[in-house]
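Notes to accompany the following structure.
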Amino acid sequence: MYSEKVMDHFSNPRNVGELPDANAVGQVGNPKCGDIMKIFMKIEDGVITDIKFKTFGCGAAVATSSMATELVKGKTIEEALALTNKAVAEALDGLPPQKLHCSVLAEEGIKTAIADYCRRQGIDPAPIVGCSLDCAGCHGE
């Protein structure tokens, strides 16, 4: 059912925890399945220098959180915003169809944290992220 990479990232997740000096924090959840992801970033000069996550959810949710953090660590904000749920799923050698929503949460978690960073800098995140990611109606929080 799950690839070896999914099982590895679930059993040995990378970048787990919180960053006490995070200057970007994003939390997303899926009320349908109960998964909740919280992403902590340290962004310096437009680059994600450190990233951690805490996820409450299934194995696929943990694995996608872990992989997403690996994919954006050391990247610029622009590069991180280009991360798609498809890229997360592909990096894990695929996900079962009923678990693809976990990769969507990982993408949204990254974007929500970057939106938070923009707001902390006094910048409207909508033109950068695509929306403010605050809307409970369209993001299911």
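The values are calculated or read from the model by the stated rules, or taken from the named source; none is laboratory data. Values in this document were obtained by computation on a predicted structure and should not be read as measured data. Neighbour counts run over all protein chains shown; Cβ positions are idealised from the backbone, glycine included. The area values use the complete protein model at the heavy-atom level, side chains included, leaving out ligands, DNA and RNA. Shrake-Rupley method; radii C 1.70, N 1.55, O 1.52, S 1.80 Å.
May I ask you to verify whether residue 115 is more than 19 Å from residue 15 (Cβ to Cβ), open to solvent by 20 Å² or more (accessible area, probe 1.4 Å) and aliphatic (A, V, I, L, M)? Even if it seems obvious, please write down each step before you answer.
Working: more than 19 Å from residue 15 (Cβ to Cβ): yes; open to solvent by 20 Å² or more (accessible area, probe 1.4 Å): no; aliphatic (A, V, I, L, M): yes.
Judged against the criteria, residue 115 is not a match.
Counting the residues of region 36-55 that are among the aliphatic types (A, V, I, L, M) and open to solvent by 10 Å² or more (accessible area, probe 1.4 Å) gives 2. If I ask for residues that are over 17 Å from residue 2 (Cβ atoms) and open to solvent by less than 70 Å² (accessible area, probe 1.4 Å), which ones from region 56-81 would you list? Passing the criteria: 69, 71, 72, 74, 76, 77, 80, 81.
The set of residues in region 118-141 that are open to solvent by 70 Å² or more (accessible area, probe 1.4 Å), in a helix (DSSP H, G or I) and modelled with pLDDT of 90 or more comprises 119, 120.
May I ask you to verify whether residue 99 is touching a residue at least 12 places away in the same chain (Cβ under 8 Å), under 23 Å from residue 12 (Cα atoms) and either out of contact with any helix residue (DSSP H, G or I) (no Cβ under 9 Å at 6 or more places or on another chain) or open to solvent by 70 Å² or more (accessible area, probe 1.4 Å) (or both)? Walk me through it before giving the result.
On the way: touching a residue at least 12 places away in the same chain (Cβ under 8 Å): yes; under 23 Å from residue 12 (Cα atoms): yes; either out of contact with any helix residue (DSSP H, G or I) (no Cβ under 9 Å at 6 or more places or on another chain) or open to solvent by 70 Å² or more (accessible area, probe 1.4 Å) (or both): no.
Against the criterion (touching a residue at least 12 places away in the same chain (Cβ under 8 Å), under 23 Å from residue 12 (Cα atoms) and either out of contact with any helix residue (DSSP H, G or I) (no Cβ under 9 Å at 6 or more places or on another chain) or open to solvent by 70 Å² or more (accessible area, probe 1.4 Å) (or both)), residue 99 does not qualify.
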